[in-house]
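J.: The structure under discussion is supplied below as structure tokens; questions concerning it will follow.
The values are calculated or read from the model by the stated rules, or taken from the named source; none is laboratory data. No experiment lies behind these values; they were computed from the predicted model shown. Cβ atoms come from the backbone with ideal geometry, glycine included; neighbour counts cover every protein chain shown. Note: accessible area is taken over every heavy atom of the protein model, side chains too, but ligands, DNA and RNA are not part of it. Shrake-Rupley method; radii C 1.70, N 1.55, O 1.52, S 1.80 Å.
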Amino acid sequence: MAEPWRDRARRAVEWNWRLRSVGDPRPHYVICGKDALAYYVARAVLESELPAGGARVTVVVPERYRSNGPDVAGLRGVRVVRSDRLDVATFEAAGLAGATGLALLHQDDVGNLHAALCAQAVDQRVRQVLRMFNGTLADGVRKLIKAPVEVLSDAEMAAPAFVAAALNEVDPSSFQHRDKTLRVARRADVRPQDVVCALAHLSEAQGVELLPAEQAGADLVLAEATGQPPGTEVAARRLVHARRRRRPVAVVMGAVRGFATRKIGIAVMVVLALIAVLGALISRAEDVSPLEALYLTLVTTLSGADPDTTKAADAQIMQVVLNLAGLALIPLITAVVVDGIVNARLALHTGRLQPARAGHVVVIGLGNVGTRVMAQLREYDVEVVAIDKAPEPRGATLARQLEVPLIVGDAALPETLIAASVADCQALVVASTDDVANLEAALAARDLRADLRVVLRLFDGDFAERVEETFALGVSRSVSYLAAPAFIGALTERAVITTIPVDRHALPVAEVPVAPGSELDGRPLNVVNRDGQVRLIARTPAGGAKTIWWKDLDPRQVIFAGDRLTVVARRRGLDWLTRQCAPPAQPGPVSRPAGPVQGGVHAPAAAPPPVPVQTDSGADAAHPVPPVGDAPTTTNGGPADEFELTHRHDGTGEGS
């Protein structure tokens, strides 16, 4: 079972007085990953204003790897440990003992589970955040790991945004908190009394304005779910009802075109045309009716004719040519049959032998994200055709269960897209793990149909935005960018309830407890709302009283210690609110023993004397003496503790 919200919130207010290793009051996070998700999580932790002194971040990456997006090892302000194995030795070298949190963000469910068990052997109290696709395995992990653990799926969080973009709707994000269910909707689709708060004002001139001051003019709102279906479900029903009937003639012609190869088809057509011309000439020469001419032509072509020397020369020549055409036609018919059987077997195996479709959605890439998108579309009863290079991708089994045709082939080739009827589809979702292949497939699809709606997955969020603006390929999405806020909230122990994607931004919904003696203790509620940063939607009074929702909130009400404030915020605004609700800073840091864990208890370990080390900036820095023996290396090839950079947030930049 996941950890209760109140327990997560209680530990969130203990931010400034948790035990730290080797006397450093700053929280220490260990992040294991090499893709864009690890990059966004590490960057957000570095830029976090909690506490004011910044955070220490150690990133564990493989010795040699090729990043398909922003390089997490290239972030300034992190300590980089290079190791191909996430084992006990690697975690000890990364300083996991005494760390605040551990994020295991590789795209390998079993590998992340093994790493979590190894981390548990190093420190049983460190909070772990795991990235997993398999829901059944995730439930088992929560039972196996004794340390506080949160298991999240980036594909599950990002898939609704892809589905909504494919159906030309807003993201169908909905969540339940306390006694209410809230969802994201267009203002025109909900009643005014159900609007909780304004989320964004969308305009082509000014772009996206998040949490605007003008509540009435916002296009996107957070509303109470009152039994009315979300916009994506309504759009899916409309698509299903409006799906045009399949055209029988087009289906037959398509089957004929795919029955034989082009060369054999041309040869057959030439022979048949020759026979038709000669048949017409015989009909005129013999002066017979059309039916009799057809009979004479067929008999002469297929069985030959008795020689007749009394006929005219032209009639004899036509008779000989017809006999030769008949000799050529029979093997051609045999070749067509054999070729058609072979092509049909291959087409059935690869999924290319498909009837013509219209109004469906084509999903390219049945990996983690593509599989989730396919499943959600089928839940809405939307017809789906899948394309993947691999004969047995991750989602092949689910595709067979949902009766989704799977075409095996390169999506950048026109014949593959034609087999999936891309020219007549409702939308194309390109969700493979290769940015180059995704872009090629999107451009090839646009060649078939210029106004096709394309939902494109790209790893780098900045690259996705520029591609969307430059190539006008519809909507570009970065899965890591959409999922990162939830992973950041789980890693930093904030009570993040959910994350709302808005265009290329993400708004976390969080419940923040008010600690005694904090800045907000005794202040009115109106100080919580900050235009563009924080919007208060509910307050739960101390002592477990009934939650007061937005309709009954009085900005003059006083905030007391123990209250819980539910807000929609940007990341920077959530940082500010959490600081305002945190207890006063302790007089001094309390050192946490950094020795090995024995039976769940940390064994004492003496800290080695610091030694000066020359950093890249030329300044001397004091670091512990590295451990003796083999250890993973850092960016400069030395021992793990030889090189370390720290980052202190200067208050600039925004990365919501």
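J.: Given the condition free of Cβ contacts under 8 Å to residues at least 24 places away in the same chain and open to solvent by 30 Å² or more (accessible area, probe 1.4 Å), answer yes or no: does some residue in the range 150-157 qualify?
T.: no
J.: If you don't mind, there's one more thing I want to ask. Would it be correct to say that Gly573 is part of a loop (DSSP other than H, G, I, E, B) and either small (Gly, Ala, Ser) or open to solvent by 60 Å² or more (accessible area, probe 1.4 Å) (or both)?
T.: no
J.: If you go through the range 467-516 one residue at a time, how many are among the hydrophobic types (A, V, I, L, M, F, W, C) and in a strand (DSSP E or B)? Explain how you work it out, then say what you get.
T.: Filtering the range 467-516 for residues among the hydrophobic types (A, V, I, L, M, F, W, C) gives 467, 471-473, 475, 479, 482-484, 486-488, 490-491, 495-497, 500, 502, 506-507, 509-510, 512, 514-515.
Filter again for in a strand (DSSP E or B), leaving 475, 496-497, 500, 502, 506-507, 509-510, 512.
The qualifying residues number 10.
J.: While we're on this one: Of everything in the range 485-509, what is over 15 Å from Ala569 (Cβ atoms) and open to solvent by less than 20 Å² (accessible area, probe 1.4 Å)? Give them in sequence order. Reasoning before the result, please.
T.: Keep residues of the range 485-509 that are over 15 Å from Ala569 (Cβ atoms), which gives 487, 490-491, 493, 503-504.
Residues satisfying the conditions are Phe487, Ala490, Leu491, Glu493.
J.: Please go through the range 456-466 and pick out each residue that is part of a helix (DSSP H, G or I) and in contact with a Lys or Arg (Cβ under 7 Å, 6 or more places away or on another chain). Walk me through how you get there before you give the answer.
T.: Initially, the range 456-466 is screened for residues part of a helix (DSSP H, G or I), giving 461-466.
Answer for the range 456-466, where residues must be part of a helix (DSSP H, G or I) and in contact with a Lys or Arg (Cβ under 7 Å, 6 or more places away or on another chain): Gly461, Ala464, Glu465.
J.: A further question follows. What's the total number of residues in the range 491-506 that are closer than 18 Å to Ala42 by Cα and among the hydrophobic types (A, V, I, L, M, F, W, C)?
T.: Of the residues in that region, 3 qualify.
J.: Hey, can you tell me all the residues within the range 64-104 that are of a type in the set (Lys, Arg) and either more than 27 Å from the chain's Cα centre (by Cα) or within 18 Å of Ala121 (Cβ to Cβ) (or both)?
T.: Across the range 64-104, the qualifying residues are Arg79, Arg85.
J.: Oh, and also: Could you check His114 against (1) at pLDDT 90 or above; (2) surrounded by 22 or more Cβ atoms within 10 Å (Cβ to Cβ) and say which number it fails?
T.: Every listed condition holds for His114 apart from (2).
J.: Please find, among Ala561, Ala545, the residue that is out of contact with any Ser or Thr (no Cβ under 6 Å at 6 or more places or on another chain), assigned to a loop (DSSP other than H, G, I, E, B) and modelled with pLDDT under 90.
T.: On the way: Ala561 fails: modelled with pLDDT under 90.
Selected residue: Ala545, the only one of Ala561, Ala545 that is out of contact with any Ser or Thr (no Cβ under 6 Å at 6 or more places or on another chain), assigned to a loop (DSSP other than H, G, I, E, B) and modelled with pLDDT under 90.
J.: Going by what's in this entry, would Glu403 be described as acidic (Asp, Glu), surrounded by fewer than 24 Cβ atoms within 10 Å (Cβ to Cβ) and outside any loop (DSSP other than H, G, I, E, B)?
T.: Details: acidic (Asp, Glu): yes; surrounded by fewer than 24 Cβ atoms within 10 Å (Cβ to Cβ): yes; outside any loop (DSSP other than H, G, I, E, B): no.
Against the criterion (acidic (Asp, Glu), surrounded by fewer than 24 Cβ atoms within 10 Å (Cβ to Cβ) and outside any loop (DSSP other than H, G, I, E, B)), Glu403 does not qualify.
J.: What are the residue pairs meeting all of these: first residue in the range 159-183, first residue assigned to a strand (DSSP E or B) and hydrophobic (A, V, I, L, M, F, W, C), second residue surrounded by fewer than 16 Cβ atoms within 10 Å (Cβ to Cβ) and at pLDDT 85 or above, Cβ atoms under 9 Å, and 6 or more apart or on different chains?
T.: Phe175/Thr181
J.: With the structure loaded, tell me whether Val534 is open to solvent by less than 20 Å² (accessible area, probe 1.4 Å), closer than 18 Å to Ile488 by Cα and among the β-branched types (Val, Ile, Thr) or whether it fails that test.
T.: Yes: the conditions hold for Val534.
J.: Can you go through Val512, Val475 and tell me which one is touching a strand residue (DSSP E or B) at 6+ places or on another chain (Cβ under 7 Å) and surrounded by fewer than 23 Cβ atoms within 10 Å (Cβ to Cβ)?
T.: The match here is Val475.
J.: A further question on this structure: Please work out which residue is modelled with the highest pLDDT, limiting yourself to the range 378-389 and to residues that are over 24 Å from Asp410 (Cβ atoms) and open to solvent by 40 Å² or more (accessible area, probe 1.4 Å).
T.: Looking at the filtered set, the residue picked out is Arg378.
J.: Of the residues Val454, Val475, which single one is at pLDDT below 80 and among the hydrophobic types (A, V, I, L, M, F, W, C)?
T.: Val475
J.: Considering only the range 419-434, I want to know if a residue exists there that is buried (at least 17 other Cβ atoms within 10 Å of the Cβ), part of a helix (DSSP H, G or I) and β-branched (Val, Ile, Thr).
T.: yes
J.: Of all residues in the range 576-588, how many are assigned to a loop (DSSP other than H, G, I, E, B) and buried (at least 16 other Cβ atoms within 10 Å of the Cβ)?
T.: Here the count works out to 2.
J.: Give the range 49-69 a look and list any residue that's surrounded by fewer than 23 Cβ atoms within 10 Å (Cβ to Cβ) and modelled with pLDDT under 85, or say none.
T.: Result: Glu49, Leu50, Pro51, Ala52, Gly53, Gly54, Arg64, Tyr65, Arg66, Ser67, Asn68.
J.: Have a look at Ala450, Ala411 and point out the one that is of a type in the set (A, V, I, L, M, F, W, C), open to solvent by 70 Å² or more (accessible area, probe 1.4 Å) and assigned to a loop (DSSP other than H, G, I, E, B).
T.: Residue meeting the stated conditions: Ala450.
J.: Count, please, the residues in the range 195-211 that happen to be modelled with pLDDT under 90 and either more than 28 Å from the chain's Cα centre (by Cα) or assigned to a loop (DSSP other than H, G, I, E, B) (or both).
T.: Within the range 195-211, residues that are modelled with pLDDT under 90 and either more than 28 Å from the chain's Cα centre (by Cα) or assigned to a loop (DSSP other than H, G, I, E, B) (or both) number 3.
J.: Among (1) at pLDDT 80 or above; (2) surrounded by fewer than 16 Cβ atoms within 10 Å (Cβ to Cβ), where does Gly600 come up short?
T.: Going through (1) at pLDDT 80 or above; (2) surrounded by fewer than 16 Cβ atoms within 10 Å (Cβ to Cβ) one by one, Gly600 breaks only (1).
J.: Step by step: first the residues of the range 348-377, then only those that are surrounded by fewer than 18 Cβ atoms within 10 Å (Cβ to Cβ) and part of a helix (DSSP H, G or I), then the one that is modelled with the highest pLDDT. Which residue is that?
T.: Only one residue tops the list, namely His349.
J.: Still on this structure: Does Arg262 satisfy the criteria of being touching a helix residue (DSSP H, G or I) at 6+ places or on another chain (Cβ under 9 Å), under 24 Å from Ser421 (Cα atoms), open to solvent by 90 Å² or more (accessible area, probe 1.4 Å) and at pLDDT below 70?
T.: no
J.: Report, by residue number, each residue of the range 159-212 that is buried (at least 24 other Cβ atoms within 10 Å of the Cβ) and aromatic (Phe, Trp, Tyr).
T.: Hit for the range 159-212 is Phe162, nothing else.
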